[in-house]
Amino acid sequence: MLLQSLLQEFEHEVNSTRKLLQAIPEKDLGYKPSEISWTMGELAQHIATIYYWYVGTLTQDVYDIAADQLERGDVNDIGATIELFESNVAKARKALESISEENLQEHWKMKSGEHLLIGPLPRGIVAREFLFNHIYHHRGEMIVYLRATGNKVPGLYGPTYEESRKA
């Protein structure tokens with residue numbers, strides 16, 4: 001039951017993430033709101049990369065992020081980031097479709113080399129917190145970046161504030 005809900009949410013939210021990434025103009029990829037913030041291009045690439053982490057999270061008992069190499073491309077090329085996103089979504093979908101309800105109860109850990117980063121926690125909790133909610137958090141940041149640079153924000157859960165004001 002939980003797995004079916006995650007699959008449905010995944011498909012719905014992939015479309016929202018795609019709309020958001022497609023709304024990012026190349027001209028603003030270097031924008032960053034503060035010295036400690038990522039650029040818009042780095043943030044977009046991070047969002048696309050999270051989908052890659054579904055594979056390690058759902059198919060490995062211990063995911064060593066330091067040992068996992070992913071060619072990400074240029075953060076200043078939104079087309080490359082969208083291609084990365086689409087490739088990673090396909091891998092994430094395959095990983096989600098390959099697991100069972102029982103797999104969601106198994107304990108999982110993430111490490112970077114010898115350093116434990118997450119866990120041990122049930123894989124279902126990790127999927128919700130580290131994968132799904134992580135993406136939503138960074139999408140919210142991207143919306144702020146888009147608004148700060150005067151760009152149109154796509155409606156992800158219905159009309160945006162700007163669209164509702166026109167009606």
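No lab work stands behind these numbers, since they all come straight from the coordinates. As the structure is a prediction and not an experimental result, all values here were calculated from the model. Here Cβ is always computed from backbone atoms with ideal geometry, including for glycine, and neighbour counts include all displayed protein chains.
With respect to the conditions (1) touching a residue at least 40 places away in the same chain (Cβ under 8 Å); (2) more than 19 Å from GLU141 (Cβ to Cβ); (3) surrounded by fewer than 16 Cβ atoms within 10 Å (Cβ to Cβ); (4) polar (S, T, N, Q), GLN4 falls short on a single one, namely (1). Remark: pairs (first residue in segment 42-54, farther than 26 Å from LEU3 by Cβ and in contact (Cβ under 8 Å) with a residue 24 or more places away in the chain; second residue part of a helix (DSSP H, G or I) and of a type in the set (D, E, K, R); Cβ separation under 9 Å; 6+ apart in sequence or on different chains) = LEU43/GLU141.
Scanning segment 77-104 for residues that are over 17 Å from HIS12 (Cβ atoms), basic (Lys, Arg) and touching a residue at least 40 places away in the same chain (Cβ under 8 Å) returns a single hit, LYS91. Pairing each residue of segment 113-125 that is at positive phi with any residue that is surrounded by fewer than 16 Cβ atoms within 10 Å (Cβ to Cβ) and part of a strand (DSSP E or B), provided the two are 6+ apart or on different chains, yields C-beta distances under 7 Å for GLY119/HIS107. Of everything listed in (1) touching a residue at least 40 places away in the same chain (Cβ under 8 Å); (2) loosely packed, with under 12 Cβ neighbours inside 10 Å; (3) not hydrophobic (A, V, I, L, M, F, W, C), the single unmet condition for SER34 is (1). Yes or no: GLN45 under 11 Å from the mean Cα position of the chain (by Cα) and either over 24 Å from GLY113 (Cα atoms) or surrounded by 14 or more Cβ atoms within 10 Å (Cβ to Cβ) (or both)? It is true that GLN45 is under 11 Å from the mean Cα position of the chain (by Cα) and either over 24 Å from GLY113 (Cα atoms) or surrounded by 14 or more Cβ atoms within 10 Å (Cβ to Cβ) (or both).
Residue count for segment 13-31, restricted to those that are surrounded by 15 or more Cβ atoms within 10 Å (Cβ to Cβ), over 19 Å from the mean Cα position of the chain (by Cα) and part of a loop (DSSP other than H, G, I, E, B): 1.
For segment 82-140, filtering for residues that are acidic (Asp, Glu) and under 18 Å from GLN69 (Cα atoms) leaves 3.
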